[in-house]
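Chemist: The structure follows.
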Amino acid sequence: NAGVTQTPKFRILKIGQSMTLQCTQDMNHNYMYWYRQDPGMGLKLIYYSVGAGITDKGEVPNGYNVSRSTTEDFPLRLELAAPSQTSVYFCASSQVGDSEQYFGPGTRLTVT
Amino acid sequence: AQSVTQLDSHVSVSEGTPVLLRCNYSSSYSPSLFWYVQHPNKGLQLLLKYTSAATLVKGINGFEAEFKKSETSFHLTKPSAHMSDAAEYFCVVSEGTGRRALTFGSGTRLQVQP
């Protein structure tokens, strides 16, 4: 039982490039989330999903897109990367909406 | 709207002394409250959670927290700090699902001196 896995662990992007951050969970959780964590700050919700085919915006969705074609996978797409997107990105999942969330190890992204 | 305030951005204690990390919350409903810990360059791990059962909640690694509705507080304590407790701690409130699922405090960095 791997829990929540994220790839890649680290990435450096040039301004204007695009990339997809991958997230997979093997706990059959319905809810999945993407957060970003800026230095010295708590986590801010980017997007979330309550099940396959259903996604919605969180607190800071601009510059990102998501899809949820399966229960297991919840990729985050960055289009036209900007320096403001330099951050650590965490994916999480939970069985029900207000229960404990299980977090992946994070992806450290630098945009230069 | 829900919010969380962690009153100290940084706390330093000596090994073997008590730990107190303070958290106040604001919520329109009866919230669920969590404490998560993040060790350097790691993901977040749940320490403990309050979900309207007992007001004194025991978690992993000897941590506990007390829910005080009258003070809107959920402070985290541990009787005796260990070097391995050095990490970032986040107080988190949940009012429901989706966008309101979890709202994070800004974190408290705990430093443990030998």
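The values are calculated or read from the model by the stated rules, or taken from the named source; none is laboratory data. Since the model is a prediction, treat every value here as computed from it, not as a measurement. In this analysis, Cβ positions are derived from the backbone assuming ideal geometry, glycine residues included, and neighbour counts consider all displayed protein chains.
Chemist: Scan region B:44-91 for residues that are touching a Gly at 6+ places or on another chain (Cβ under 7 Å), under 17 Å from B:Ser27 (Cα atoms) and either in a loop (DSSP other than H, G, I, E, B) or small (Gly, Ala, Ser) (or both) and report the count.
Modeler: Final tally of qualifying residues: 0.
Conditions (1) in contact (Cβ under 8 Å) with a residue 12 or more places away in the chain; (2) hydroxyl-bearing (Ser, Thr, Tyr); (3) closer than 19 Å to B:Leu44 by Cα; (4) within 14 Å of chain B (Cβ to nearest Cβ), marked per residue:
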{"position": "A:Ile46", "(1), (2), (3), (4)": "yes, no, yes, yes"}
{"position": "A:Ser67", "(1), (2), (3), (4)": "yes, yes, no, no"}
{"position": "A:Thr70", "(1), (2), (3), (4)": "yes, yes, no, no"}
{"position": "A:Leu80", "(1), (2), (3), (4)": "yes, no, no, no"}
{"position": "A:Gln95", "(1), (2), (3), (4)": "yes, no, yes, yes"}
{"position": "A:Tyr102", "(1), (2), (3), (4)": "yes, yes, yes, yes"}
{"position": "A:Gly106", "(1), (2), (3), (4)": "yes, no, yes, yes"}
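Chemist: Please go through region B:42-54 and give me each residue that is surrounded by fewer than 18 Cβ atoms within 10 Å (Cβ to Cβ) and at the interface with chain A (Cβ under 8 Å from one of its Cβ atoms), ordered by number.
Modeler: B:Lys42, B:Gln45, B:Leu46
Chemist: If B:Val57 passes every condition in (1) within 14 Å of another protein chain (Cβ to nearest Cβ); (2) aliphatic (A, V, I, L, M); (3) closer than 25 Å to A:Met41 by Cβ but one, which one does it miss?
Modeler: (3)
Chemist: Which of the residues belonging to region A:63-87 are under 10 Å from the mean Cα position of the chain (by Cα), buried (at least 18 other Cβ atoms within 10 Å of the Cβ) and outside any loop (DSSP other than H, G, I, E, B)?
Modeler: A:Tyr64, A:Val66, A:Leu76
Chemist: Of all residues being at pLDDT below 95 and in a strand (DSSP E or B) in region B:92-114, which is farthest from the other protein chains (Cβ to nearest Cβ)? Just the residue, please.
Modeler: Checked region B:92-114; the qualifying residue farthest from the other protein chains (Cβ to nearest Cβ) is B:Val93.
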